[in-house]
Amino acid sequence: MTTHAPGPERPPGPRGHWLFGNTEEYDRDRNGFLERCHREYGDVFSYDARTIVVSSPDQVHALLARTNKDFLAETSPLAGRMDTERMAAAAELWTTARRAGWQGLHRRVAQAHATRLRELFRKTVGDGEMDVFATMADFFGRATADFCLSVDAEGVPEALAEQVAAIDPLSRDSLQPPSWWPSRRVRRFARARKRLLALMAEVVRRRRLAGDPSAQDLLNVLLASADRGLSDLQIERFLRGIMLAALGVPAAALTWIVYEVGRRPDVRARLAAESASAGDVPELEELPYTEAFVKEVLRLWPPTWLIGRTVRRETELDGWRLNPGDQVLFSLYRLHRDPRWWADPDRLVPERWLDPHVAPARHTYLPFGAGPRVCVGTQLGMMQLTLATSWLVGDMEITGPPEATPDFSGLLVPRDLRVGLRRKVVPQGV
């Protein structure tokens with residue numbers, strides 16, 4: 001860890017407006033603002049008196065590795081500046097449920113889900129011109145509800161979509177209103193959250209009373225956990241968090257996959273050839289190029305492009321002093337495209353993932369995070385995205401615009417991307 005000579009306790013940074021700080025300039029061009037500050041101030045700078053931004057792989061790794069100890073993961077919209085120890089208690093509840101939830105990713109449950117996922121893809125992704133992100137959000141809403149709840153998923157995808165739609169306008173505004181603020185957006189978020197939590201409570205209660213061990217889904221894994229301290233409330237909150245994370249993020253990723261497949265005929269041809277040689281629901285080992293392509297899209301276009309942590313207690317990061325309640329941010333988009341760590345950083349090169357003897361520099365590729373709060377659905381997400389990509393190129397012809405504008409206001413998505421999808425005609429007897 002770097003030790004700085006005696007001097008300012010906060011790193012330098014842009015001064016901004018006397019009242020609003022850097023918020024207006026940041027919201028006008030979020031990625032551009034962070035890029036300009038990195039060029040001017042280096043790998044660490046102050047955004048305001050309580051927020052710093054870091055950029056180097058070692059800084060990012062230290063931040064993620066010390067999460068739950070010195071730092072806490074971001075809270076939900078409207079949470080405000082919660083007491084850090086209350087946040088820590090909530091994190092411990094999440095960790096308890098998470099330990100049990102890891103088992104939900106074992107091969108039997110994942111393979112049963114993959115088989116059901118094939119039919120969901122056929123039903124959800126159809127012919128015609130479409131809003132790509134809306135279509136993929138619908139698909140993944142149904143997919144994640146199926147993985148978590150299988151036979152009890154009715155009504156859940158719609159409630160998830162309502163919750164995500166309510167979160168989106170709040171996530172686009174750097175100045176978050178308090179939960180009591182009398183605005184339509186706040187009331188909409190509160191209603192959607194209440195509805196989803198009530199629905200989850202009913203599903204968990206009904207499944208526990210039924211005592212049906214046959215359902216191959218995450219809820220049964222959690223209910224059967226040897227950890228007897230896992231309450232229904234923890235299970236409800238954990239499943240809600242998993243489903244919200246497993247809806248928007250993979251939907252954004254698959255939207256970028258559609259975009260890249262549509263503009264790269266050479267890549268599309270290789271993906272299609274691999275899909276044709278694999279089974280209807282193949283193992284990932286049968287799709288090495290498709291998996292490499294997905295990894296490369298996640299490098300270029302990480303949906304969770306900006307990640308933050310709240311300081312739990314007085315500490316240091318790379319020699320800079322931090323106080324409880326301070327915020328530390330870093331941009332995965334910038335890390336994944338930093339020319340110090342990547343050759344041809346702005347170019348799609350799936351082949352960079354196919355040589356087992358060549359690996360990225362340490363801590364420079366983190367599409368699912370790292371440390372104690374690494375995404376619990378990493379394996380599931382890669383399986384879903386790889387299979388969906390194979391089915392996309394195997395089932396569909398894609399026509400659409402060659403370029404798209406990235407939107408950095410919330411999840412990283414291509415703004416208003418629309419393409420035409422036409423189901424391929426399979427010759428009779430094939």
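The values are calculated or read from the model by the stated rules, or taken from the named source; none is laboratory data. Owing to the predicted nature of the structure, the values given are computational and were not obtained by experimental measurement. Don't worry about glycine lacking a Cβ; one is built from the backbone with ideal geometry, like all the others, and counts go over all protein chains shown. Each accessible area value is taken on the protein alone, full model and side chains, heavy atoms only, with ligands, DNA and RNA left out. Shrake-Rupley method; radii C 1.70, N 1.55, O 1.52, S 1.80 Å.
Summary of computed values
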| quantity | calculated |
| --- | --- |
| Virtual spin-label span in nm between LEU233 and ARG50, 7 Å along Cα→Cβ | 2.6 nm |
| Theoretical gain in end-to-end length, ALA343 to ARG28 [0.36 nm per residue, Cα-Cα removed] | 110.4 nm |
| Heavy-atom accessible surface of region 216-374: percent carbon and sulfur, 1.4 Å | 52 percent |
| Dipole magnitude of region 300-430 about its Cα centre (Cβ charges: Lys, Arg +1; Asp, Glu -1), debye to nearest 20 | 240 debye |
| Those residues of region 266-309 whose amide nitrogen sits under 16 Å from the label point placed on ARG118, 7 Å along Cα→Cβ | 275-287 |
| Segments 124-133, 387-396 sorted - mean Cβ within 10 Å per residue, highest first | 387-396, 124-133 |
| Extension gain (nm, one decimal) between ALA134 and ALA198, 0.36 nm per residue minus Cα-Cα | 20.6 nm |
| Those lysines that a straight Cα-Cα span of less than 18 Å connects to LYS424, excepting residues fewer than 8 apart in one chain | LYS123 |
| Charge-dipole axis of region 254-398 as Lys and Arg at +1 and Asp and Glu at -1 on Cβ define it, positive-most pick from LEU287, GLY369, HIS357 | GLY369 |
| Amide H partners (placed H, <5 Å) of MET396, local residues excluded | LYS424 |
| Theoretical FRET efficiency, 1/(1+(r/R0)^6), r = Cβ-Cβ of LYS424 and PHE20, R0 51 Å, to 0.05 | 0.45 |
